1. Within the accessible area of the chain, what % is carbon and sulfur when the probe is 1.4 Å and the other protein chains stay in place?
2. How much area per residue is accessible in the stretch 35-82 when the probe is 1.4 Å and only protein heavy atoms are counted (Å²)?
3. Using only the Cα atoms, what convex hull volume per residue in Å³ does the stretch 48-91 have?
4. Suppose R0 equals 30 Å. What FRET efficiency, 1/(1 + (r/R0)^6) with r the Cβ-Cβ distance, do Gln52 and Glu112 give to the nearest 0.05?
5. In bins 10 Å wide, starting from 0, what share of all Cα pairs of the stretch 74-134 does each bin hold, as a percent?
6. Hey, got the Cα dimensions of the chain along the principal axes, in Å, largest first?
7. Tell me, what is the FRET efficiency for Thr27 and Ser95 to the nearest 0.05, using R0 = 25 angstrom and their Cβ-Cβ distance as r?
8. Compute the acute angle (0 to 90°) between the alpha-carbon long axis of helix 102-112 and the principal axis of greatest extent of the alpha-carbon atoms of the chain; round to the nearest 10°.
Amino acid sequence: SSAKVTAPSKANYVAAGVVLPTLEGVTEANVIEGLNRVVNQKTPANVSTQAQLQQLANDLKTSYRIILDKANGSLAEDNSLPMPTAKDYANIGISVSGTGKTLALMNSVLCESNVAGVDSPAKLASLAQAAGRR
């Protein structure tokens with residue numbers, strides 16, 4: 001039998017001592033969705049302490065900032081900014097293969113998108129699925 005598990009809420013994270021990241025252009029609900037995606041992929045032993053959860057939240061913020069910075073739509077590419085890595089996507093709960101052309105295709109689509117097109121993990125997951133199917 002599979003028990004229904006409720007995804008952690010902001011209150012659950014705050015009660016655990018986690019300072020949730022804030023990201024311009026990303027709602028708090030989408031930040032929590034991303035963190036929940038990451039936590040869901042970990043073993044219980046890897047998300048059992050405040051320090052572990054805070055590190056995941058910090059990594060999410062750093063990686064999502066890299067992703068958002070590249071989503072500049074039709075503007076000229078700022079090559080001084082790093083391209084997201086497969087690990088950056090994983091830090092927000094999105095699986096993108098780092099091998100083959102999937103990551104390059106994902107980043108190409110990202111650079112042509114605007115922030116509104118990538119402001120939720122669900123939107124990024126959809127893009128990643130499409131990049132993986134190419």
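The values are calculated or read from the model by the stated rules, or taken from the named source; none is laboratory data. Values in this document were obtained by computation on a predicted structure and should not be read as measured data. Methodologically, a virtual Cβ is constructed for each residue, glycine included, from the backbone with ideal geometry; neighbour enumeration extends over all protein chains shown. Remember, those area values only see protein heavy atoms, side chains included, never the ligands or the DNA or RNA. Shrake-Rupley method; radii C 1.70, N 1.55, O 1.52, S 1.80 Å.
1. 55
2. I get 57 Å² per residue for the stretch 35-82.
3. Numbers: hull volume 2.7 nm³, N = 44.
Cα convex hull per residue, to the nearest whole number: 62 Å³.
4. 0.25
5. 23, 59, 18
6. Principal extents (largest minus smallest coordinate, Cα): 44, 33, 21 Å.
7. With a Förster radius of 25 Å, E is 0.65.
8. The two axes meet at around 70 degrees.
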